[in-house]
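Below is one structure, written out as structure tokens, with a few remarks after it.
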Amino acid sequence: MQALSIVTSVAQVLSPLLYAVFIVVIYFQLREARSSVREVQQEFLAGGRPVVAVHDEYDHASGALSLAVENVGQGPAKHISFAFARPIESSDGVVISELSLFTIGLTSLAPGARITCYWDDLEDQMEFLRENGLEGADFIVHVSYEDLPGTEYRHEWDIQPAVYRGLRQPPHPHEHAHDQAGESEGGVSTAEGSPVSNASGDDGGGTPGSAPGPTGEPAVTAASIDQA
């Protein structure tokens, strides 16, 4: 009987404590759920998260190096600023990293929008880097921006001009592109190499001079994504 009284007394003491712990747990769970809902609402209002990238580009035909700023995300970016770990300079003395695009920044950049700036000829840039003891060096770019609700993002991008040196170009670029598209003279090739024809026996083009009609399954494209 005495043991039962002790258990009852302990239960009476612990009951309010357990109830308080339960209330605290529920409170934090509700706060976390509310935060998640708020984030979803912000992404919905912003149309998705932006991803502002800075990267180099190389043109085989001209040998030109360029810098590109691009929003590869699904939402607009605003208040975009740039910071370079070391200056990016062309062989003729133009400091690319001090252009207004990078020193002033951008007020906004829509999804899919891009700005390209000519940097230098690849061989001239390689010679310039070699003379300045920077052969094989990378250029780090720090990018800061916000989405529409005001969430801040920061990224680092690595510019590596030396990776383009020595890359081979197809001897006949147009024929190479034609082959890569899976096309051949006289029709579209299937996996076995035989031309595709439609049921009516023509080439799928309808009337002469008109664009050919669609045949087969629709093409599947790959979507880029950042999930940050």
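The values are calculated or read from the model by the stated rules, or taken from the named source; none is laboratory data. If you're wondering where the values come from, they're calculated on a predicted model, not measured in any experiment. Quick reminder, even Gly has a Cβ in these numbers, built from the backbone with ideal geometry, and neighbours come from all protein chains shown.
The set of residues in region 69-98 being touching a residue at least 60 places away in the same chain (Cβ under 8 Å) and among the aromatic types (Phe, Trp, Tyr) consists of Phe82 alone.
The residue of region 67-92 that is modelled with the lowest pLDDT, among those that are farther than 18 Å from Ala137 by Cβ and surrounded by fewer than 19 Cβ atoms within 10 Å (Cβ to Cβ), is Gln74.
Of all residues assigned to region 163-179, at least one qualifies as being touching a Phe, Trp or Tyr at 6+ places or on another chain (Cβ under 9 Å) and at pLDDT 90 or above. Determine whether region 49-64 contains at least one residue that is within 21 Å of Asp121 (Cβ to Cβ), touching an Asp or Glu at 6+ places or on another chain (Cβ under 9 Å), of a type outside the set (Asp, Glu) and outside any strand (DSSP E or B). Yes, that holds for at least one residue. Taken over region 99-113, the criterion of being buried (at least 19 other Cβ atoms within 10 Å of the Cβ) and either touching a residue at least 24 places away in the same chain (Cβ under 8 Å) or of a type in the set (D, E, K, R) (or both) is satisfied by Leu106, Leu109.
Applying the criterion of at least 3 residues that are of a type in the set (Val, Ile, Thr) and out of contact with any Gly (no Cβ under 8 Å at 6 or more places or on another chain) to the strands (runs of 3 or more DSSP E) found wholly in region 72-158 leaves 139-146.
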